1. Give the accessible surface of region 83-207 per residue, rounded to a whole number of Å², with probe radius 1.4 Å and ligands, DNA and RNA excluded.
2. Which entries of Lys199/Lys231; Lys70/Lys156; Lys24/Lys172; Lys267/Lys325; Lys74/Lys281 have Cα-Cα distances beyond 29 Å here?
3. Assuming a viscosity of 1.567 mPa s and a temperature of 4 °C, what translational diffusion coefficient in µm² per second does Stokes-Einstein assign to region 229-346, Rh being the Kirkwood radius over Cα pairs?
4. Name the shape class, rounded, prolate or oblate, that the alpha-carbon gyration tensor gives for region 170-278, where a ≥ b ≥ c are the square roots of its eigenvalues, rounded holds for a/c under 1.5, and otherwise prolate holds if a/b is larger than b/c and oblate otherwise.
5. Using unit Cβ charges (K, R positive; D, E negative) and no other charged atoms, how large, in debye to the nearest 20, is the dipole of the chain about its Cα centre?
6. Can you give the direction-averaged projected area of the convex hull of the alpha-carbon atoms in the chain, in nm²?
7. Restricting attention to region 4-110, which trypsin sites (Lys or Arg not before Pro) occupy a DSSP loop and are surrounded by at most 11 other Cβ atoms within 10 Å?
8. If you take the C-alpha gyration tensor of region 106-258, multiply each eigenvalue by 5 and take the square root, what semi-axes do you get, largest first, in whole Å?
Amino acid sequence: MFILGVETSCDETSASVLSGTGQKIKILSNVVASQIEIHKKYNGVVPEIAAREHVLNIIPVINEALVKAKTSYKKIDFLAVTIGPGLITSLIPGIEATRSLSYAWNVPVIPINHIEGHIYSSFINISNQNVFPALILIVSGGHTTIVLMKNHGKYKIVGETRDDAAGEAFDKAAKMLGLGYPGGPIISEKARIFQERGKKSTLSLPRPMINSNDFDFSFSGLKTALLYQLKKDLNWHNRVEEYCYEVQQAIIDVLIIKTMKAAIKNKVKTVVLCGGVSANKKLRLDLQEKVENELNLPFFVPEFQYTTDNAAMIASAAYFKVKNKVNFKKNTDWQKLKANSSLDLC
């Protein structure tokens, strides 16, 4: 089976070709046209600019994905495209391009939830399918959610953010510290430098809701606490790396504690970390150590290239929908594709 996936939910234009047999898949190509350099000067994504770039990039990116996969549209069995959640102006170019190709090639198209795509980014590496029930921690710029995955396509939200997502907290903290955009990778690198010096942080930022009796998150208070701390500290410009370390550790501590408690309560077989923030090396290593050593459970995380928004994860989600006949109709009509910026996972 060959699937061409398309992803345009925010500021990456991506297309990917996947081949699969049984429960094993192979990514033949995964092309991503990033807009980070364009949006850097605005310290965040500008939706109108992102949409125009998608319009310019979408067809060249799809062509490149086919070329790199050494295949042609004639071999494509299914198309898959992100229909939400995401920026509505970004979703539309990807959907319209896929609608056109579905009509022109006479190939059925599978609508994919962006969050489900992140979940299935981890299944690119999972060969053993005896993983359910699995606990999924999805951490990105727009989402921080704990999901209980009972089987393919069967999800239950265990916990989610009540305000800001972890990725947004990283970006806002970086902005306060004058570090630029995107903030997550910059904070992570400076925190690494501070840690390698062997010093201990003298800062003490809050770990919001870490002891609450649920699995929800809140990171708005952390941002506020950082703002007030910077106003008090006239010397903070000389302690940027220490601040980065403390901000990162505050976020990681909350994510890990909540995930561990949720895994124990729901008696899961595996724990999965995914989403853009799963590229954070400290989070990956700390959570893996906790899961494997304290819970004695398998831990899965996507390869770095599949952590941020990409079409390989969309094609992966589509493949498992087809193979497991989950919410899937073989004659999916291209005319029924619609963007939904606030699409829920379940």
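1. Values: 5040 Å² over 125 residues.
Ligands and nucleic acids excluded, the figure is 40 Å² per residue.
2. Beyond 29 Å between Cα atoms: Lys70/Lys156; Lys24/Lys172; Lys74/Lys281.
3. D = 73 µm²/s.
4. Working: a/c = 2.06, a/b = 1.75, b/c = 1.18.
Cα axes put region 170-278 in the prolate bin.
5. 780
6. Across all orientations, the chain yields a mean hull projection of 17.0 nm².
7. Those that pass, being in a loop and sparsely packed, are Lys70.
8. In descending order, the three semi-axes are 34, 17, 15 Å.
The values are calculated or read from the model by the stated rules, or taken from the named source; none is laboratory data. From a predicted model like this one, the values you see are computed outputs, not experimental measurements. Cβ coordinates were reconstructed from backbone atoms using ideal geometry, including for glycine residues, and neighbour counts include every protein chain displayed. Ligands, DNA and RNA are excluded from the accessible area calculation, which covers all protein heavy atoms including side chains. Shrake-Rupley method; radii C 1.70, N 1.55, O 1.52, S 1.80 Å.
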